[in-house]
Structure formats: structure tokens, C-alpha cells
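Below is one structure, written out as C-alpha cells, with a few remarks after it.
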Amino acid sequence: MDAIILQILNGLDKGSAYALIALGLTLIFGTLGVVNFAHGALFMIGAFCAVTLNALLGMSHQVEDPTRTDFLGNPLQVDVPYVQDIFGEALGASIIDWAVPLSILLAIPVMLLIGLVMERGLIRHFYKRPHADQILVTFGLAIVLQEIIKAIYGANPIPTPAPDAFRGSVDFGQWLGFQAGSIIYPVWRLVYFFFSALIIAGVFAFLQFTTFGMVVRAGMADRETVGLLGIDIDRRFTLMFGIAAAVAGLAGVMYTPILSPNYHMGMDFLVLSFVVVVVGGMGSLPGAVLAGFLLGILQSFASMNAVKSLLPGIDQIIIYLVAIAILLLRPRGLMGRKGVMEE
Amino acid sequence: MSRHFTRRGVLKSGAVAGAGLALPTYLRAQESGFTNAPTGDTVILGFNVPQTGAYADEGADELRAFQLAVEHLNGEGDGGMLQTFSEQNLDGTGILGKRVDYVTGDTQTKSDVARASAQSMIQKDGAIMISGGSSSGPAIAVQALCQEAGVIFMAGLTHSNDTTGKDKKANGFRHFFNAYMSGAALPPILAEQYGTDRRAYHLTADYTWGWTQEESIKAATEALGWETANTVLTPVGAGDFSSYITPVLQSGADVLILNHYGGDMVNSLTQAVQFGLRDRQVNGKNFEIVVPLYSELMAAGAGEAIKGIYGSMNWNWQLQDAGTQAFTRSFGEKYGFPPSNAAHTCYVQTLLYADAVTRAGSFNPCAVVEALEGRTGGSGSLEGIDSASNEGFLFDGMGNGPTLYRAADHQCFKDVLVVRGAENPTTPYDNLEIVEVTPVEQVWYEPDHPQFAGGDLGECNPGA
């Protein structure tokens with residue numbers, strides 16, 4: 001039983017990332033009708049916002065320590081962060097320690113801006129082009145963004161740890177009445193799950209309870225009519241692109257302590273997130289979230305040794321098998337609108 | 001007798017001449033007796049490393065070392081290990097008086113891409129020797145290609161037993177140590193630190209290197225008395241290993257052995273620490289993690305997670321011998337940081353090739369093979385090893401102590417390092433500390449050892 005609970009937790013955790021990326025993809029597809037293959041790159045850029053802030057906060061000047069030597073036998077130059085000079089040693093160290101959560105403040109404006117520039121500068125020129133053209137141009141953009149990040153930050157993963165307070169693990173089993181030590185789970189992964197739930201709830205509340213959101217939903221249902229009412233729906237959709245980019249970016253920022261960021265991490269998530277969107281139903285926001293969590297959990301169960309001993313390699317293909325089954329039996333996905341993908 | 005030029009005749013001659021010029025250089029060079037025989041005053045070496053992909057930083061460090069080696073061979077810089085190498089044949093005038101030039105290729109850590117890249121360097125650029133690595137899959141593929149094409153392959157970082165085991169080739173040589181040697185060096189230290197009553201759980205990268213390392217470490221730890229709780233293959237580049245780590249918690253294992261490298265190792269180790277494995281008590285003992293193959297770049301990537309974790313290495317810049325110090329100084333002054341063990345093996349391989357050509361007095365691959373096998377000078381045996389196969393090219397002064405390029409399988413035999421993640425590093429570069437220099441006798445094996453069985457060196461191929 002404890003093994004099953006652990007895999008459910010793993011699945012929810014993975015599913016959180018899938019759901020956040022898929023949510024943004026669906027928002028863009030639902031509003032602008034564009035299949036955005038650069039969305040994984042936005043997740044990756046979000047992660048590198050955390051890397052950047054970590055590096056900025058860690059910027060140091062060197063002080064010579066005559067008592068120690070470096071690898072060439074010269075007096076050791078010790079790095080002293082400027083943040084510690086400004087705020088004092090203890091507070092400075094705490095600020096550096098909290099670099100990942102603080103990166104949220106950096107990521108929101110940066111990702112919004114990148115989203116808006118992407119949409120206005122490139123993607124809007126492809127609205128009337130076939131989906132194949134949109135996929136090609138956004139895929140190309142993803143590769144360009146990836147290579148820029150690699151040129152700046154290198155190809156190796158860059159460790160970006162969670163704050164000390166969240167670095168350990170909790171005995172989740174004891175909370176549920178199991179034997180002590182039977183279900184140990186990293187604190188940050190639980191934080192990530194709750195953070196994702198908060199962002200998802202925030203996006204839904206924004207669309208559900210604000211006038212702006214209402215107009216966007218109306219535009220998603222019937223763009224032409226909303227336009228005929230004199231509402232500038234294009235401007236709102238552009239902003240939604242920025243919001244979708246910010247959601248992907250935040251997903252990336254908070255994922256950095258789980259997976260050390262590297263320049264190709266976006267591609268790894270992109271393909272799976274597309275499957276999530278297809279399974280959930282193209283254009284359906286609740287479908288994307290539901291499918292994200294379902295497929296995350298399914299993938300975790302398929303990774304269990306007991307399952308893999310029966311069906312070797314099943315963990316690698318389970319998501320694609322589900323996608324094939326859905327496309328054959330219910331092309332519009334779990335919660336897709338009737339008619340979408342069914343023509 | 002007058003000669004008449006007809007239109008058809010000119011066209012025919014032109015076509016034949018054009019076809020001749022269009023032939024790959026190695027086919028044109030066959031009249032010299034071997035592939036890409038250098039004709040001018042330069043000789044071209046091909047350095048095939050991952051310049052993109054997950055091991056790109058490792059490849060970049062290898063490339064730095066190759067460039068440094070070329071500089072030293074051409075008489076530039078401070079000469080590095082040329083001064084400490086026991087064979088004093090290299091004098092900074094290139095190789096056999098020809099200036100050394102080089103071309104580079106990008107393997108992307110993919111076997112097919114690495115092969116295509118090496119092929120291009122041989123056919124289009126006229127490279128006479130290929131070197132490089134960072135992963136065993138591409139290294140084995142390129143070694144096979146070099147055998148077919150008739151050029152020498154001086155392997156860079158490749159740790160799979162198969163490179164000089166079932167996939168060994170006469171034209172291929174490996175200076176780097178292998179999985180068997182890690183298995184021979186590491187377990188005695190593990191027994192000393194963690195005892196002989198342990199249950200190990202292996203997570204293994206699903207390709208040639210992972211399989212052979214798991215086989216070697218499993219055999220060695222079971223010989224100590226350890227039990228193997230489970231062995232699980234993980235896809236290369238899995239990213240999130242949580243689904244593979246959580247079953248460890250229920251397995252009753254008290255040691256996790258990560259047969260992972262590069263980004264996979266960084267992620268699996270970091271995540272295992274996040275899951276609290278190192279804080280656990282299982283079977284009344286502290287839970288431990290072991291990473292059999294370490295690299296400095298991986299250690300930097302894993303950050304604090306590597307503290308106190310044991311592994312093995314081919315070489316480390318913190319060694320105190322003259323060769324290591326000369327190389328570290330050259331590299332450090334040029335690039336501003338110490339070299340990795342991937343860089344070291346690539347630098348040494350380039351110098352060893354140049355020395356072999358010089359001793360042989362020829363670039364002919366078969367003459368180079370003979371020289372690297374110790375058949376044209378420099379032959380010797382390692383002390384303290386009583387074996388008929390203990391013969392080949394013996395050298396010293398390259399950072400690993402006395403080293404034998406064994407003639408029987410073209411594998412170098414030398415001391416191996418057992419290292420541990422440093423608890424209190426003082427600089428970003430001393431995040432690993434040397435625990436033991438395991439003597440070569442302890443990592444020696446016979447060429448027909450079961451873990452290396454099934455291969456045949458065959459005959460050297462000059463390509464003609």
C-alpha cells in the first residue's frame with residue numbers, strides 16, 4: 001500500500017509539471033489556434049530565470065586568503081557575495097538561499113515580456129498559415145532559444161537548490177498512520193504540487209471571475225461575434241499568450257530544485273505535454289489539467305518494478321499507448337468539445 | 001608523330017581526372033601504402049568529441065586538452081608533459097618534422113553521428129588519427145570505423161569493458177580505465193567503510209557502459225559478501241528518477257549503486273538525496289550511495305549531494321607526481337581552471353600517438369600499432385604482476401605512474417584512484433578528494449577474463 005501511495009505522490013508531482021505546461025499550450029491553442037512547439041522552451045527559460053537570479057545574487061568580489069592556496073599554488077582568492085556586503089553576512093546568505101522562490105518575482109515580468117514579444121514579433125504572422133507551418137516555426141524558435149541558453153550557460157546541468165528549510169524530506173507515512181519511515185517524500189516536491197495547484201486555481205479563477213476572463217472565454221467560443229461587438233479580442237489574446245508563457249515559466253522556476261536545469265529540459269517536457277493536451281482534449285483547460293495528473297500517475301505506476309517485470313519497457317511507452325487509444329476511440333480527448341479533431 | 005586533341009578525348013580525360021580528384025583522400029593515398037599518408041609539411045589529426053548535447057561541457061574540456069597537446073607538439077607553450085614523459089622522443093618539432101594540424105567533429109554523444117563525423121574527418125580532411133570520446137557507444141562505433149578505414153583510434157573517455165573487450169580492434173587503443181578496474185578498486189574501500197554485510201540496489205543506464213559497469217560492480221561486491229537486492233535499468237536521459245528511486249525505499253536495500261554518468265548521474269544522485277536516502281537507517285545501518293565512475297564536471301553538477309560519496313577515477317589533478325603537476329600547470333595557466341580526467345586522457349593519448357609515430361619512424365598505422373604494443377622499442381612489463389600477458393609498451397611520467405599499454409588487448413594498465421566527495425571543499429575545484437591510489441596489481445585481469453570475452457583484436461589495417 002505504501003508503495004502505491006508513493007507512486008501516486010510521484011505521479012501527482014510529475015503531473016503538476018505536465019498540467020502547468022499543458023494548461024499554457026491549451027490556452028494558446030484555444031485562443032489563438034496556434035500549436036506552440038516553443039512552449040517547452042518557455043518552461044526551460046523559466047528555469048533559467050532561477051539560475052540567473054541565483055547567479056546574480058551570488059555575484060562576488062574576491063578577497064585574497066593568504067593562509068590557503070589555489071590549484072596552481074597561488075594565494076587563494078575567496079569569493080565574497082556583494083549581497084553579503086550590502087545586507088550583512090546572515091541576511092545576505094538567507095537571500096541567496098531563497099533564490100528559487102525569489103525568482104518568481106523575476107520570472108513573471110520576464111516571461112510575460114518574452115510571451116508578448118514572441119506573439120507580436122513572430123507567431124501572429126502565422127495565424128492564417130496551416131498548422132504544419134506553425135509547428136515548424138515554433139519548433140525552430142524552440143531550437144533557437146535552446147541554443148541561446150546553451151551559449152550563455154553551457155550544456156551541463158546547473159544545480160539550483162531549494163531553500164534550506166525545504167531541502168529535506170518528510171515522513172509522509174506517519175501522517176497517514178503508516179509505519180515510520182515507510183513513505184518518505186521530499187518536502188520540495190510537495191511544495192511544487194501545492195504551488196501548481198495554486199497556479200492552476202489562479203488561472204481558472206482569472207478566466208471565470210474577471211471580466212477580462214469572461215471576454216477571453218467568449219472569444220474562445222466565438223471569436224468573430226466578440227469582435228463584432230466592438231471588443232479588441234486580439235489584444236486580449238496576445239495578453240493570454242503572455243500569461244501562458246508566464247505559467248510555463250513559473251512551472252520551470254519551481255522545478256529547478258527537482259531537476260537541475262539544462263538547455264534541453266524543455267524538449268523533454270514538450271512532447272509529453274502535447275500528449276497531455278491531446279488526451280485532455282485540444283482547447284479544453286480542465287481536460288489539460290485532468291490529463292496531466294492522470295498521465296503523470298499512470299507513468300509512475302508503469303515504472304514500478306512489479307509492472308515492468310511483466311511488461312518490460314512499458315514505462316517508456318505507456319503515455320503514447322494511451323494517446324493512440326484516445327485518438328482512435330475518442331479523437332476529441334477526454335474533455336474536448338464535440339467536433340474538435342473529429343472532422 | 002603529331003598528337004590531335006579531339007573534343008571527345010578531352011572530355012574523357014577530364015572526366016577521368018575529375019573522378020580521380022573526387023575520390024576520398026584515403027583511397028587516393030593508397031599508393032602510399034596506407035590511408036591518408038601525409039604528403040606535405042603538416043599532419044592532420046581528427047578530434048571527435050561531443051560539442052553539443054548532454055556531454056558538451058565534457059567534450060569542450062577534451063577539446064581544450066587536444067589543443068594544448070597540439071601546441072606542445074608544435075613547440076608552443078611550456079611543453080607540459082613532454083618534459084616528464086619517460087620517452088624523450090618528442091622535441092616540439094611536430095611529429096616526424098611535420099607540423100601538427102587538427103580538425104574537430106561533433107559526436108553529439110550519438111553513435112551514428114560520431115561515426116559520420118569521424119568518416120568525414122578521414123575522407124574529406126585526411127585525418128590520419130582519430131581521438132575523442134565521452135561515451136562508450138560512440139567510442140566503440142568510431143573504433144570499428146577506424147579499423148575499416150585504416151587509421152588509428154586513440155580513445156578518449158570510454159569506460160565500458162567492451163571497448164577493449166568484445167569490441168576491441170587492432171587499430172584502437174584505450175588509455176582510460178574501465179568498469180572492471182572500477183569494480184576491482186572500489187569494493188575493498190566500500191567493505192572497509194560500510195562492512196561486508198550489505199544489500200545493494202543498482203540503478204543502471206541502459207546501454208553498453210551501464211551494463212558492463214553493473215556486471216563488474218555486482219560481481220565485485222558479491223565477492224565481498226554483499227547481496228544484490230535488485231538491478232533496474234533506467235533510460236538514458238530519464239531526467240526525473242523519482243519513480244526509480246521510490247522502490248528502493250521498500251526493497252530492504254541499504255546501499256544504492258548509481259551506474260549513471262553525466263546528466264543522469266547528477267539527476268539521480270540529487271534526487272536520491274532529496275528522497276532522504278542518506279538520512280535513512282536500514283537493517284540497522286546508515287543507508288549509503290555509491291557512484292562507481294566519477295568526473296569532476298559531474299561532481300560540480302551534483303553540488304552538495306556528492307559529499308562523502310565514494311567513486312573511482314582514472315586520474316585527478318590533485319595527484320602530486322611531476323607529470324600531473326606539469327599538465328595541471330599548463331592547462332590551468334591557459335584556461336584558468338584545472339583539467340578534468342577526460343581532458344587528461346585525451347592529452348596523454350595525443351602525446352602517446354605522436355611518440356609511437358616517432359619511435360616507429362612512420363605514420364603507417366601498422367607501424368604505429370607495433371610501437372604502441374612495444375615491439376619497436378619501449379617494451380616492458382609491470383612489476384609485481386606474474387602473467388604471460390604482462391607485456392607491451394611501458395611508459396611513465398604521464399600522471400598515473402608506470403603504465404603498460406598491453407599488447408594483447410590495447411588496454412592501458414596503471415593505478416586507479418578511489419575518490420570521495422569532499423566534505424569541506426575550499427575552492428570550486430577540490431570537490432573530490434583522493435582516498436586511495438589503488439595499485440595496478442589489484443586492477444589487473446587476464447585478456448580472456450569472462451567480462452572481456454568474445455572479442456578479437458584481429459590484424460591491423462593500414463587501409464591500403
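The values are calculated or read from the model by the stated rules, or taken from the named source; none is laboratory data. Quick caveat, the model's predicted, so the values are computed rather than measured. Reconstructed Cβ throughout: ideal geometry from the backbone, glycine too, with neighbour counts over all protein chains shown. Please note that ligands, DNA and RNA were not included when accessible areas were found on the heavy atoms of the full protein model with its side chains. Shrake-Rupley method; radii C 1.70, N 1.55, O 1.52, S 1.80 Å.
Applying the criterion of being more than 21 Å from B:PHE241 (Cα to Cα) and either at the interface with chain B (Cβ under 10 Å from one of its Cβ atoms) or modelled with pLDDT under 90 (or both) to the residues of the range A:164-199, the residue that is most open to solvent (accessible area, probe 1.4 Å) is A:TRP175.
Please determine, by comparing only the residues of the range B:165-180 that are under 9 Å from the mean Cα position of the chain (by Cα) and in a loop (DSSP other than H, G, I, E, B), which one is surrounded by the most Cβ atoms within 10 Å (Cβ to Cβ). The residue in question is B:ASN178.
In the list A:LEU105, A:LEU145, A:LEU112, A:LEU136, which residue meets the criterion of being outside any loop (DSSP other than H, G, I, E, B), closer than 18 Å to A:GLY33 by Cα and at pLDDT 90 or above? None of the others qualify; the one that does is A:LEU136. Taking the range B:58-79 as the range and being within 14 Å of chain A (Cβ to nearest Cβ) and either surrounded by fewer than 24 Cβ atoms within 10 Å (Cβ to Cβ) or free of Cβ contacts under 8 Å to residues at least 12 places away in the same chain (or both) as the test, the residues that pass are B:ALA60, B:LEU63, B:ARG64, B:ASP78. Out of the residues in the range B:305-318 that are of a type in the set (A, V, I, L, M, F, W, C) and more than 12 Å from chain A (Cβ to nearest Cβ), which is surrounded by the most Cβ atoms within 10 Å (Cβ to Cβ)? Only one residue fits best here, namely B:TRP315. For the range B:432-464, give me the residue count where each residue is touching a Lys or Arg at 6+ places or on another chain (Cβ under 9 Å) and surrounded by fewer than 19 Cβ atoms within 10 Å (Cβ to Cβ). Qualifying residue count for the region: 8. Checked against the criteria, A:MET304 does not count as buried (at least 24 other Cβ atoms within 10 Å of the Cβ) and within 14 Å of another protein chain (Cβ to nearest Cβ).
In the range A:1-12 there is no residue that is open to solvent by 60 Å² or more (accessible area, probe 1.4 Å) and acidic (Asp, Glu).
It is to be established whether one or more residues within the range B:350-358 are modelled with pLDDT of 95 or more, among the charged types (D, E, K, R) and open to solvent by 10 Å² or more (accessible area, probe 1.4 Å). Give the derivation first.
Step one: filter the range B:350-358 for residues modelled with pLDDT of 95 or more, giving B:350-358.
Okay, now just the ones that are also among the charged types (D, E, K, R), so B:355.
Those still in the list that are open to solvent by 10 Å² or more (accessible area, probe 1.4 Å) too: none.
Checked the range B:350-358: no residue is modelled with pLDDT of 95 or more, among the charged types (D, E, K, R) and open to solvent by 10 Å² or more (accessible area, probe 1.4 Å).
Assess whether A:PRO261 counts as being surrounded by fewer than 20 Cβ atoms within 10 Å (Cβ to Cβ) and part of a loop (DSSP other than H, G, I, E, B). The answer is no for A:PRO261.
Applying the criterion of being open to solvent by 40 Å² or more (accessible area, probe 1.4 Å) and either at the interface with chain B (Cβ under 9 Å from one of its Cβ atoms) or of a type in the set (A, V, I, L, M, F, W, C) (or both) to the residues of the range A:146-163, the residue that is nearest to A:LEU91 (Cα to Cα) is A:PRO161. The lone criterion from (1) touching a residue at least 60 places away in the same chain (Cβ under 8 Å); (2) touching a helix residue (DSSP H, G or I) at 6+ places or on another chain (Cβ under 7 Å); (3) outside any helix (DSSP H, G or I); (4) open to solvent by less than 40 Å² (accessible area, probe 1.4 Å) left unmet by B:HIS202 is number (1). In the range B:294-304, the residue that is farthest from the other protein chains (Cβ to nearest Cβ) out of those that are in contact (Cβ under 8 Å) with a residue 40 or more places away in the chain and open to solvent by 10 Å² or more (accessible area, probe 1.4 Å) is B:GLU296. Looking at the range B:380-430, none of the strands (runs of 3 or more DSSP E) lying wholly inside it contains 1 or more residues that are open to solvent by 40 Å² or more (accessible area, probe 1.4 Å) and within 18 Å of B:GLN325 (Cα to Cα).
The rows are residues; the columns are (1) open to solvent by less than 30 Å² (accessible area, probe 1.4 Å); (2) part of a helix (DSSP H, G or I); (3) away from chain B (no Cβ under 14 Å).
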residue	(1), (2), (3)
A:PHE241	yes, yes, yes
A:ALA245	yes, yes, yes
A:LEU250	yes, yes, yes
A:MET267	no, yes, no
A:VAL289	yes, yes, yes
A:ILE317	no, yes, no
A:ALA323	yes, yes, yes
A:ILE326	yes, yes, yes
A:GLY333	yes, no, yes
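For the range B:431-449, residues that are part of a loop (DSSP other than H, G, I, E, B) and away from chain A (no Cβ under 14 Å) total 7. In the range B:205-231, the residues that are touching a residue at least 24 places away in the same chain (Cβ under 8 Å) and of a type in the set (Val, Ile, Thr) form Cβ pairs under 8 Å with partners that are open to solvent by 20 Å² or more (accessible area, probe 1.4 Å) and part of a strand (DSSP E or B), at six or more places apart or across chains, as follows: B:THR221/B:THR228; B:THR228/B:ARG199. Restricting attention to the range B:210-230, the residues being of a type outside the set (A, V, I, L, M), open to solvent by less than 50 Å² (accessible area, probe 1.4 Å) and under 19 Å from A:ASN305 (Cβ atoms) number 3.
Is it the case that some residue within the range B:273-293 is in a loop (DSSP other than H, G, I, E, B), modelled with pLDDT of 90 or more, away from chain A (no Cβ under 11 Å) and crowded, with 24+ Cβ neighbours inside 10 Å? No: the range B:273-293 contains no residue that is in a loop (DSSP other than H, G, I, E, B), modelled with pLDDT of 90 or more, away from chain A (no Cβ under 11 Å) and crowded, with 24+ Cβ neighbours inside 10 Å.
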